Structures are given as structure tokens and as C-alpha cells.
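Here's the structure, in C-alpha cells; my notes come after.
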Amino acid sequence: MRENNRYMIRNKGLIIISITFLVLGILFYLDSNKESIDTYALNYEYVNIKDMAPVSVASKNNLETETNDTIIQESLPASENSKATQTTPTRVWYLPTERGRISQYPHYGHNAYDITSPRGSNEVIFPVANGVISSIYKDPAGALVVTVYHNINGKAYTSQYAHLSRYANIHVGQHVTINDALGYMGTTGYSTGVHLHLAVLDCHLFNNNDPNCPNLNAWFKYSDRRVKENYYGLGVHLYVPYEWSKR
């Protein structure tokens, strides 16, 4: 009887040890995967360009002297899935990249989509709608930014594209269509990974006659106000999927 008890105790001990090692193995696996996920989130999750100081807006005449090191001198390709056109597109609003994935959605304090791409810094950035380039500037942290003014059905909108790696051969006042390249995706400025920070607001940025967005400080304040009113930029006008391979 005593021998049987020893045998049972030994077997129970072996079972407990086996289960312990199994649980530890599962926890180690989950922890190691969590670390990689957290690292990825750290690299791409939160990018804040809210603290921009007054900007230096480039014009057609001074663009090359101010930002020559970041200008793409050659013409960039048009959108892969459509031909470049000067006519009104079939749709009004488009996604800004041929391929993309959302790494952060708009929220208070960051009313913009953060978009990554498998192409990384080779991803060309396009306007989300036909319009006119209203500013080209580098913020104090070094982020390369372009804004485009859109007049759609008599209403003013501005789309903002930040963290570009370099500009296309563009200038302020230039009329652009959805197939005209603005530059390349990048990680300039306060950024922790290659991505596009895309904000869309229903105002005319840098227009002194616009009470909501005459400057960047007003832009960010208005952005926070609008997100409280459930205006989340491009997603209000166009379905923005989590991931896409066509605009």
C-alpha cells in the first residue's frame, strides 16, 4: 500500500511539473509575440505633429532654393490603376496611395489617418481630390508637408500630407488632379516609422478670410473641435478600409 502511495505521489508530481512547463512555454510564446507586436505598434502607432510652429511656405520661385535637397526633379509616375487626367474624376474623393494600411485612425488630438505601405518610402503620394497646392513647408521638427485646397460643390476643404521623404516637382498655386504626385511617403520630422499622416478638414488652411483655419494653430484647434462633432476627415467622404491595393 505504501509503495502504491509513493507511485501515485510520484506520478502526480510528474503531471504537475509537466503542466507547469507547458504553461510556462505558452506564456513565453505569448510574451515574445506580444513584444514584437508592441514594438511594431511603437514604431507606427502614434505620430503627433500638433506642435508645429509658424511655417515657411514655399512658392514656385523660391522652392528650389529652400528645399532643393528634397525635390524630385524628374516627373513621378501617374496612378497605376488609372490614367492621368485634367478632367473631373468619376469619383470626387480618392485614397492617397496605391497601396496602404491604416496604422492609426483619427481621434482627438490626432484628427488624421496614419497610413503605412509595403513599399515604404517608395510609395508615391497623390491628392485625395482635385485641387490647388496651398502650401509646401518643413515644420520645426523637419517634417516635409504639403497641403492641397479643394473646392467641392462650393465648399472648402484642405488635405494635409506630412512626413514626406521628398517632394515632387510641385509649387504653391499649382492645380493638381488625383493622379498628380505630391511626393514620396517618408518619416521626416517627429515620426517613428515610414508613413503618411493624412488630415482632411472642411476649411481653407492659410487663407486669412477663413475664420477656422487662417494658420496652423487655428487648424489644430479647429481639428479638435470637429472631431468632437464627429468629423473624422477623409473617412466622412470616402470609405477608408484597413488595407488596400488599389485607390
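The values are calculated or read from the model by the stated rules, or taken from the named source; none is laboratory data. Every value quoted in this text rests on a predicted model; they were computed, and no experiment measured them. Cβ atoms come from the backbone with ideal geometry, glycine included; neighbour counts cover every protein chain shown.
Looking only at residues in region 207-247 that are outside any loop (DSSP other than H, G, I, E, B) and hydroxyl-bearing (Ser, Thr, Tyr), the one that is nearest to the chain's Cα centre (by Cα) is Ser223.
For Leu205, the requirement of being in contact (Cβ under 8 Å) with a residue 12 or more places away in the chain, within 16 Å of Asn111 (Cα to Cα) and in contact with a Ser or Thr (Cβ under 7 Å, 6 or more places away or on another chain) is met. For region 125-160, the set of residues classified as closer than 21 Å to Ile115 by Cα and of a type in the set (Lys, Arg) consists of Lys138 only. Taking residues in region 99-111 that are within 13 Å of Lys228 (Cβ to Cβ), and partners anywhere that are part of a strand (DSSP E or B) and not small (Gly, Ala, Ser), the pairs with Cβ atoms closer than 9 Å and at least 6 places apart or on different chains are Pro106/Tyr113; Asn111/Val200; Asn111/Leu201. Quick check, is Asp180 modelled with pLDDT under 95, more than 14 Å from Asp114 (Cα to Cα) and buried (at least 21 other Cβ atoms within 10 Å of the Cβ)? Criteria not met by Asp180. Of all residues in region 93-143, those that are in a loop (DSSP other than H, G, I, E, B), of a type outside the set (A, V, I, L, M) and in contact with a Ser or Thr (Cβ under 7 Å, 6 or more places away or on another chain) total 10.
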